[in-house]
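No value in this document is a laboratory result; all are computed from the given coordinates. Note that the structure is a prediction, hence the values are computed from the model and not measured. Positions of Cβ are generated from backbone atoms using ideal geometry, with glycine treated the same way; all protein chains shown enter the neighbour counts.
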Amino acid sequence: MSLHLRYAAISDRGVVRQGNQDSVFAGAHFIAVADGMGGMAAGDLASAIVINTVARLDVPPPADSVVDELADAVADANRAIRRCVADDPQKEGMGTTLTALWFDGEWFNLVHIGDSRAYRLREGGFEQITVDDTYVQMLVDEGRITAEEAERHPQRSLLLRALGAAEVEPAFQTIKGVAGDRIVLCSDGLSGPVSDADIARTLQNAATPQEAAETLVQQALDAGAPDNVTVLVADVVTEDPGEQRQLIGGAAADARLAESDTAVLRAVKESEETADPDGEAEAAEAQPKARKKGRVWRTILATFIVLALIAGGGVWWARTQYFIGVSEAGTISLYRGLPFEVAGYRVAWLDTDSGRPAEDAVDAVEADLENGRTVDGGAAAAEDALSALVDPAAGNDDLDPLCAAAEGETEAAPVASQDCRDD
């Protein structure tokens, strides 16, 4: 007996965000959620590119080579993002998650990269069926922190893998569908502010996918919704509901990709033909063997995934982050990257050296700088933060001055040219 999907999808920009960088696609055979990132670097475009590319899979899957087709579609989407960045370097740093399911009437074929999640409710039992590609999940897997500590960790949103990197390695799963299953795909705009227990309770109580999706989005909004909120709920049913395709969020709103997949796939095809205009037939003949060989090597290289992340997968995001720390020369400096190690590797690049010795600071401030003081808001905000730190006259009230008065004193802090330790 062939099964079907009855689904509903909602995408909301949330309470804080001014735009929506999430994209979602829902069809009879294929459902997907993508959470774009990059802010001004066009995260909305990244998610739109991916969703519009992989939406071509909303057809009955082939009897074999399903993973090959999924991998090819994701690779096409990633190439399209990279080409977009090559055409406009200001978009460097844009990327997106992807969690998608290709349904053949019995089996779900899942592809996942990033921290958008897939959940399943079956006969009252609730489980997360994806594993977050995040720094804190790595710490949990290694036993260095608990799952409860991960929920409060300051780097809980740090992704280790996402589309948009030079090299990507999605995870694949095959999951049997059972009539009565309720599947949820969502961005972290839901899984962040709403607990798994509350998500499970809502799924159990909602009569329809539409009711479930609406309730979950409202719960995220009631919790403050600091990020875009995207929820797709799909029930596995025995009768064909006959729903139409849904393309919503950033993918639907982006005029540059108004018609599903055509613009993106054309760009990918042109890019491949330009790279090898005369080798099309030979490449087509060799492609199946190349894919199999590539997957063997990917399995072998999985052991060295951290090196791959540092080389490409995590770098694109890290370069958009800023922190103030202490250089090897002992001076207060602005860095691009992360103020901590990822699996033993430092991902940071010196941006601006103020020349001011860190030892000029009082102990508390110096210790803070040694650990790295993160700065939100991009390059301009980071430069302002550095100036305000080394020169209190800059007047940034949100930052501690380099030299702070002792507790209980009311005198103003010394100006930048003074050495606090000489007082």
Pop out the ³J(HN,Hα) list for segment 51-62 in order, Karplus 6.51 cos²θ - 1.76 cosθ + 1.60 with θ = phi - 60°, rounded to Hz; leave Gly and Pro as x. 4, 5, 7, 6, 4, 5, 7, 6, 9, x, x, x
Mean Cβ count within 10 Å, highest first, over the residues of peptides 119-130, 218-229: 218-229, 119-130
Highest to lowest packing among 62-70, 43-51, scored as the average C-beta count within 10 Å: 43-51, 62-70
Ranked packing of 351-359, 85-93, 144-152, most packed first, by mean Cβ within 10 Å: 351-359, 85-93, 144-152
Which whole-Hz couplings ³J(HN,Hα) result when phi for each residue of segment 212-224 is put into the Karplus expression 6.51 cos²θ - 1.76 cosθ + 1.60, θ = phi - 60°, listed in order with x for Gly and Pro? 5, 4, 4, 5, 5, 4, 5, 4, 5, 5, 5, 8, x
In Hz, Karplus ³J(HN,Hα) per residue of segment 184-195 (6.51, -1.76, 1.60; θ = phi - 60°; x = Gly, Pro): 10, 10, 7, 7, 6, x, 9, 5, x, x, 10, 6
The answer for ILE145, listing residues at least 5 apart or on another chain whose modeled amide H is closer than 5 Å to its amide H, is VAL140
